[in-house]
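Below is one structure, written out as C-alpha cells; comments come after it.
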Amino acid sequence: MNKKEISEIKKLFTTTCCAVTRICGCYVDAEKNQKTKLKEAFLSLPEEEMFKYFNIFRKTLSGTLGKNLVQMEFPLDQEMPGGTQEFLLQLRKSELKDDALIDEFYQKVIENYINPENYYIILIHGAYDIPAKASDNLEMEDASDYVYEFLLCSICPVKLSKPGLHYNADANTIENLIQDWIVDTPDIGFLFPAFTDRNTDIHNLMYYSKKPDIIQTDIINTLLGCQIPLSAKTQKETFQTIIEETLDNSCNFETVMAIQENLSEMIEERREDPEPVVLDKYQVKRLLENSGVENERLEEFDELYESVVADDNASFVAANVTSTRACEIRTPDVVIKVSPDKTQMIESRVIDGIPYLLIQATDQIEINGIAVRSPLAEPHDDPEEEF
C-alpha cells in the first residue's frame, strides 16, 4: 500500500463515506480479565460516539509509511489450511457475526499483547465499493467492479484521566474533577487484507505501531503469523554498521557526508511519490559507489552485507536511516546540526596537526539570540573631533 491508497481508506471513516458495517469491542483490565464487550451495527451508534471511533480508526492508519505503518506479507505456511491468514479470512467472511470466532480473536490478543495496564480491543468490518478511475484520475462513482471487504483492529490503552478542578455550570462552583477511565489513541493495530493497487490483497496486511521501536513480537508472530520486519531503529543501526564495516579505515568525513548528501537527494527527488524510498542490498552498494567509495572496499561488500543482515532480502527505508530534517555531526563536546541541503558549508581540515571542523559563516550570526558582528565586517571609524 502506498500513501494514496492509505488516504483512500482513511476517507471511509467519515459520516459521508462511512464503509464500516459492524463494530466489536472488548475492554481488558491489567489482570487480563475481559470486563465488558460491545457488538453492534456501527451505524446504530450515537453520532458523537461514531465521531470518536472514526478518529481512532484514522489514527490506526496514520504516521510515517515504513516506520509507523509497515506492510507485512504472510509466509506460505500461514496461507495453508490452519494458518493465521485462514483465521482472519474466516473472521472477515463472518462479518463479525460469529461470536465464537470473535471470542477466539479476543483471546489470541489477550494471550499475546504485552501491556501491564488496561486496554480496549476494537475490531470493525467494512465493505468499500471501489469507484473506478478515469484516465484523468477522477473517480467515477457509478462505475465499480470490485468491493474491498476488510477488518481493522485497533488496540487502545485505557488510562485514568488527570486529577484537577473543573467548573460546575449547574451549581456555578469550582469543584474537584472526578477521574475517569479514558480510551487513548491506539498503541498498535492492523488492516486486513491490504489495499494494494486499489484492490484486495489477501497476501499482505498493513500493521500500525504508535512506537515503532517497541515491537510486539508475539502479536506479529502468533496472532498475525507474519515475519517481524526490521524496526526503524534497527534499520538505522544496521545501515550504520554496514557503512562503518565496509569503509573501515577509509570511513572519513568527506565520504560519510557524501553518503548523507546522496541519501537526502534521493528522498527529495521522490518527495511527491506515494511510495517511500527503499534501498535493497544492490541499491546500498550503488549508493556507496556514487559516494566515492573505492572499488577495493566494495569487493567484500556482498560477503560483509550478508554477515550483518540476517535476511538477504531485507531492505532499508531511506527516511529511517538518515534524518530529513537535519544532519547531525557530533563530537564529545560539540553537536552541530545543519540542514541536509547545506552540508557543503561544513568541511574537515587539519591545521598544525590538529583536526578541525570548519563552518562557513555569513554576516548573520547570533549567540543565544544576540546578534554579533561578522569577523569580516569592517570596523566603523569614529569621526575625528573638530577643534
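What follows draws every value from the coordinates through simple rules; no lab data is involved. None of the values given here were measured: they were computed from a predicted structure. Please note: Cβ atoms are built from the backbone with ideal geometry, for glycine as well, and neighbour counts cover all protein chains shown.
Below, the figures for the structure above:
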quantity: Between 0 and 90°, nearest 10: helix 232-247 axis offset from the chain longest Cα axis; calculated: 40 degrees
quantity: Most fluctuating residue given options THR173, THR324, THR222, as computed from a GNM of the chain linking Cα atoms under 10 Å; calculated: THR173
quantity: Segment 3-228, relative contact order in percent, only Cα pairs under 8 angstrom and at least six apart counted; calculated: 24 percent
quantity: Cα Rg, Dmax (largest Cα-Cα span) when computed across segment 19-112, Å; calculated: 15.4, 43
quantity: Hz values of 3J(HN,Hα) by residue in segment 213-219 - Karplus curve (6.51, -1.76, 1.60), Gly and Pro given as x; calculated: 7, 9, 9, 7, 4, 5, 4
quantity: Sequence-separation-based contact order of the chain, relative, with Cα cut under 8 Å and 6+ spacing, percent; calculated: 14 percent
quantity: Net charge of neighbours whose Cβ lies under 13 Å from the Cβ of HIS125, counting Lys and Arg as +1 and Asp and Glu as -1; calculated: +1
quantity: Peptides ranked, highest mean first, by Cβ atoms within 10 Å: ranges 184-190, 27-33, 281-287; calculated: 184-190, 281-287, 27-33
quantity: Between 0 and 90°, nearest 10: helix 84-93 axis offset from the chain longest Cα axis; calculated: 50 degrees
quantity: For peptides 223-231, 357-365, sequence by mean Cβ density within 10 Å, most packed first; calculated: 223-231, 357-365
quantity: Prolate/oblate/rounded call for segment 76-115, Cα gyration tensor, a/c under 1.5 rounded; calculated: oblate
quantity: Crossing angle, helix 253-269 versus the chain [Cα axis fit, 0-90 degrees, rounded to tens]; calculated: 50 degrees
